[in-house]
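Student: I am attaching a structure below and will ask some questions about it afterwards.
The values are calculated or read from the model by the stated rules, or taken from the named source; none is laboratory data. What you see is a predicted model; the values in this text were computed from it and never measured. Because the Cβ atoms are built from the backbone with ideal geometry, glycine has one as well, and the counts that use them run over all protein chains shown.
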Amino acid sequence: MESLALYLHWPFCAAKCPYCDFNSHVRDSIDQGRWRDALRRELAREAARSGRRPLASIFFGGGTPSLMAPETAAALIEDAKRLFDAPDDLEITLEANPTSVEAAKLAAFRAAGVNRLSLGVQSLDAEALRFLGRRHDVPQAIAALEAARALFPRLSFDLIYARPGQAEASWRAEVRQALALAADHLSLYQLTIEPGTRFATEHARGAFALPDDDAAARLYWATVEEAARFGLSPYEVSNYAKSGAESRHNLVYWRYGDYLGIGPGAHQRLMLDGSLLAARRHRAPEEWLARVERDGHAVTEEEALSPRDRAREALLMGLRLAEGVDPARLAARSGLTLADSVDPAMLAACLDEGYLEWGAAGRLVATDEGRMRLDAMLPVLLR
Ligand SMILES: C[S@@+](CC[C@H](N)C(=O)[O-])C[C@H]1O[C@@H](n2cnc3c(N)ncnc32)[C@H](O)[C@@H]1O
Ligand code: SF4
């Protein structure tokens, strides 16, 4: 039976970063007990529906889940292990911010069962951290990384690049410093301006400019080169790992597997009786809490995806991966062949241009060039 990934969303942060449009909110006080009970209740409800299945991974994301009481993580991990078939080496990731408050709690999260930490370092440059509105400084980031390395068997961290005025040489130095401090896994995100954020307003009134496409591409290639020196390769558009250190949780999404999404705004894809059900939960934290306390869940929409929707999603996800898309898996998950899922003329054009290629065992793979242009390519490629 296909294994299942479990995502748990903690929707609170100490402050809202000016670039971020994740479902994250700042609150004066949080009733940790009520939140623990509600997350456990929604998890129990979904487990009853999905049935007992092998568990691939648990991921506490946010928001800032390192602000959660460690007992909440412990209770949810215990529940998940009881409700599903968990392997001994189950991957259990927690996202954490590197402020000292959270760093002090890391040992408690490790004791709760978390075995992989994903730290939101964002930059190792003091000025950039200020621009990004972060609440930590470079020494705190390094202290959190060192504390995390001593505690967790697996460690990853996030950096944001293509920042205003960022020079290639200084970015190379920053990546090298990061790689020396880390880690067998890094997430390197290109700064994007998300509608509705403070950065969107400031960018629109010309307060800062982002590097143009060519400059951003040069930074991307510099990143790939520096990561390769440390033995990390980009197994996904924004994710770099040593072989075997890939995020098993995220691979489930990108390979279009089943996942449960518990908590406000969490998405879910679950195959039940041959239907692939897409569910979405209420995004507002207080409304989510009230609904779970009343109904046992806060699902606001659930629909069975059509074969065409499934094929689109599987290709959107799979072409992000260096390994590409396996046509047999695409057919098994969507009911459509690859030939039925893409526009044949566009496929031929993308192969000709060198944006796509055929990989081992007939896999469709986006080349390095193609992966940089996925956002432009996919809407015209997919039927
Ligand atoms: C949910 S957050 C990570 C957890 C934690 N709250 C933190 O900030 O450290 C996921 C990651 O997405 C990245 N991110 C969020 N918004 C972004 C944006 N507009 N452009 C680029 N990266 C972004 C950041 O690197 C961030 O660490
Ligand atoms: S980047 Fe992280 S800390 Fe900042 S608002 Fe988003 S989720 Fe919260």
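Student: At least 1 residues that are more than 30 Å from G51 (Cα to Cα) and within 13 Å of ligand 1 (Cβ to nearest atom) in each: list the helices (runs of 4 or more DSSP H) lying fully within region 81-152 that qualify.
Tutor: The helices (runs of 4 or more DSSP H) meeting that bar are 100-103, 126-131, 138-151.
Student: Please verify whether E225 is in the same structural domain as Q190 (by TED's automatic domain parsing) and surrounded by 16 or more Cβ atoms within 10 Å (Cβ to Cβ), treating the condition exactly as stated.
Tutor: no
Student: Same structure, new question: Among the residues of region 49-68, write down those that are over 20 Å from L94 (Cα atoms), touching a residue at least 24 places away in the same chain (Cβ under 8 Å) and either assigned to a loop (DSSP other than H, G, I, E, B) or within 16 Å of ligand 1 (Cβ to nearest atom) (or both).
Tutor: Hits for region 49-68 are R52, R53.
Student: Additional query: Being outside the structural domain of A47 (by TED's automatic domain parsing), part of a helix (DSSP H, G or I), touching a helix residue (DSSP H, G or I) at 6+ places or on another chain (Cβ under 8 Å) and of a type in the set (G, A, S) is the requirement here; does A345 meet it?
Tutor: No: the conditions fail for A345.
Student: Looking at region 201-220, can you tell me whether even one residue there is touching a strand residue (DSSP E or B) at 6+ places or on another chain (Cβ under 8 Å), more than 16 Å from ligand 2 (Cβ to nearest atom) and more than 19 Å from Y19 (Cα to Cα)?
Tutor: yes
Student: When you scan region 201-218, do you find a residue that is under 20 Å from E369 (Cβ atoms), crowded, with 19+ Cβ neighbours inside 10 Å, among the acidic types (D, E) and in the same structural domain as W171 (by TED's automatic domain parsing), even just one?
Tutor: no
Student: Which residue out of G63, G51 is within 16 Å of ligand 2 (Cβ to nearest atom) and on the phi > 0 side of the Ramachandran plot?
Tutor: After ruling out the rest, the residue left standing is G63.
Student: Restricting to region 19-30, name every residue that is within 9 Å of ligand 1 (Cβ to nearest atom) and touching a helix residue (DSSP H, G or I) at 6+ places or on another chain (Cβ under 8 Å).
Tutor: Within region 19-30, just Y19 meets the criteria.
Student: Among the residues of region 174-200, count how many are crowded, with 18+ Cβ neighbours inside 10 Å and within 18 Å of A245 (Cβ to Cβ).
Tutor: 10
Student: Give region 153-182 a look and list any residue that's assigned to a strand (DSSP E or B) and over 15 Å from L124 (Cα atoms), or say none.
Tutor: Within region 153-182, R154, L155 meet the criteria.
Student: Considering only residues that are surrounded by 17 or more Cβ atoms within 10 Å (Cβ to Cβ), farther than 18 Å from R34 by Cβ and of a type in the set (G, A, S), which ones fall in region 51-98?
Tutor: A56, S57, G61, S66, A80, A86, A96
Student: Within region 183-201, take every residue that is in a strand (DSSP E or B) and touching a residue at least 60 places away in the same chain (Cβ under 8 Å) and give me the one that is nearest to ligand 1 (Cβ to nearest atom).
Tutor: Per the criteria, the residue is S187.
Student: Hey, among E313, E302, E293, which residue is loosely packed, with under 15 Cβ neighbours inside 10 Å, closer than 23 Å to L4 by Cα, out of contact with any Lys or Arg (no Cβ under 7 Å at 6 or more places or on another chain) and in contact (Cβ under 8 Å) with a residue 24 or more places away in the chain?
Tutor: Going through E313, E302, E293 in turn, the sole match is E302.
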